[in-house]
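Taking it in order: structure first as structure tokens, then the write-up.
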Amino acid sequence: MMNNPVLVEVFRGETVESRHRGAIAVVDGDGRTVFSLGDIERAVFPRSAIKSIQALPLVETGAADALGFGNVELAMACASHSGEPEHVARAAMMLERAGLDVSALECGSHWPFDQPVLIQLAKSGSEPTPLHNNCSGKHAGFLSTCVHCGLETKGYVALGSQIQEMVREAMEQVTGAPHSVDRCGTDGCSIPTYAIPLKSLASGFAKMATGNGLMPERARAARRLIDACMAEPFYVAGTNRACTVLMNMAPGRVFLKTGAEGVFCGAVPELGLGFALKCDDGATRASETMVACLLSRLFAFEPELCAKFDRYSGREMKNWNGIPYGLVAPVEALTKAEIG
């Protein structure tokens with residue numbers, strides 16, 4: 001197994017203090033790799049980065065339309081949200097439309113990952129509920145599909161449950177990679193998660209954006225979910241979160257979604273490209289730098305937008321007194337990359 005290259009360096013002053021290795025794949029709608037760094041055949045767990053693929057049954061079965069879900073609800077079904085009041089209320093509404101309440105959720109509870117949101121919740125004297133779980137929108141989507149299709153809701157998170165088999169089939173068909181039990185783990189929200197090659201993930205998102213290789217109904221559902229996320233970036237993540245900030249830099253033109261342990265997947269529909277990346281050590285600071293720099297290269301033909309992504313990718317770090325001390329920065333293999 002090849003060693004992945006260093007893609008991000010962390011400077012303290014002028015000296016490199018830390019380095020992050022990783023891999024990146026960019027694939028077009030025909031499955032052709034147009035850019036890669038590192039071992040893109042190595043299997044990785046995409047975690048939450050593939051929520052838009054996992055949401056396909058919600059749209060394809062007619063559940064979303066039957067319950068009157070619009071762009072916000074579809075974005076929530078693809079989200080790893082910050083647990084802000086708007087996110088919590090929307091997840092609750094989705095369940096209510098399906099005739100359910102918070103007790104139906106099997107994702108577990110956790111304090112919001114975003115510190116200001118966590119502090120606000122704690123100050124209110126409240127405890128987090130499963131609605132605050134960053135995956136509550138996705139789970140509300142699963143449950144809505146179950147109710148619409150007459151499937152059992154209890155135990156819906158389990159490997160082999162009817163809804164998880166529908167989700168597995170969608171992921172397998174879209175990515176073109178087998179989702180086998182021997183490559184299956186349990187995600188943070190208790191559903192199955194499968195390790196597949198980075199290239200297959202990138203190919204899957206190219207298909208989601210272009211519809212190439214998908215049956216017409218699935219292609220329509222895929223693009224509807226991608227478009228919903230691009231239309232409502234706040235509901236995909238939240239205030240000051242990378243997915244929301246970066247999509248807002250190019251409204252309606254970029255889709256991206258993060259996953260735990262340093263993963264990002266996404267697409268640029270106008271270019272017909274999908275991408276996937278993984279920071280080997282799982283560091284968020286590095287994966288965010290990697291994806292922002294990748295977007296700057298994908299939009300190299302548009303200098304003003306390219307510069308916005310570049311500014312985000314090379315971020316200044318400050319200590320507790322607000323004094324700048326260093327930088328998280330992509331390496332030249334990324335900053336000078338030509339993609340196409």
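The values are calculated or read from the model by the stated rules, or taken from the named source; none is laboratory data. All values reported here derive from a predicted model rather than from experimental measurement. When we count neighbours, we look across all protein chains shown, and the Cβ atoms used for this are built from the backbone with ideal geometry, even at glycine. The protein model used for the area step is the full one, side chains on, heavy atoms only, and it has no ligands, DNA or RNA in it. Shrake-Rupley method; radii C 1.70, N 1.55, O 1.52, S 1.80 Å.
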Legend entry - Total charge dipole magnitude, the chain, about the Cα centre, Cβ charges on Lys, Arg, Asp, Glu only, Debye to nearest 20: 260
Inset, instruction - Working from Cα positions, state the angle (0 to 90°, nearest 10) between the long axis of helix 85-97 and the longest principal axis of the chain. - result: 30
Inset, instruction - Select from LEU256, LEU118, ALA64 the residue farthest towards the positive end of the dipole of the chain; place +1 on Cβ of Lys and Arg, -1 on Cβ of Asp and Glu, and compute about the Cα centre. - result: LEU256
Legend entry - Phi to ³J(HN,Hα) by Karplus 6.51 cos²θ - 1.76 cosθ + 1.60 over region 315-328, Hz, x for Gly, Pro: 9, 6, 10, 10, 8, 5, 8, x, 8, x, 10, x, 8, 9
Legend entry - Rounded tilt (10° steps) of 198-210 against the dominant C-alpha axis of the chain: 70
Legend entry - Residues with amide H under 5 Å from that of ARG42, placed H, sequence gap 5 or more: LEU198
Inset, instruction - Would you check the accessible area of PHE69, probe 1.4 Å, heavy atoms only, in square angstrom rounded to 10? - result: 10
Inset, instruction - Mind giving me the nanometre distance, one decimal, between the label points for SER103 and GLU152, set 7 Å out from Cα along Cα→Cβ? - result: 1.9
Inset, instruction - Would you mind getting the accessible area per residue of the chain, heavy atoms of the protein chains only, 1.4 Å probe, in Å²? - result: 41
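May I have the count of lysine pairs in the chain with C-alpha atoms under 15 Å apart, counting pairs 8 or more residues apart or located on different chains?
7
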Legend entry - Probe 1.4 Å, all protein chains present, accessible-area order of PHE11, PHE45, largest first: PHE45, PHE11
Legend entry - Area of ASP101 that stays accessible when all protein chains are in place (1.4 Å probe, Å², to 10): 90
Inset, instruction - Ignoring everything but the protein chains, give the 1.4 Å probe accessible area of HIS132 in square angstrom, nearest 10. - result: 20
Legend entry - Lys/Arg +1, Asp/Glu -1 at C-beta; the chain dipole; positive extreme among GLN162, GLY141, LEU151: GLY141
Legend entry - Angle between the chain longest axis and helix 162-175 axis [Cα atoms, degrees, rounded to 10]: 30
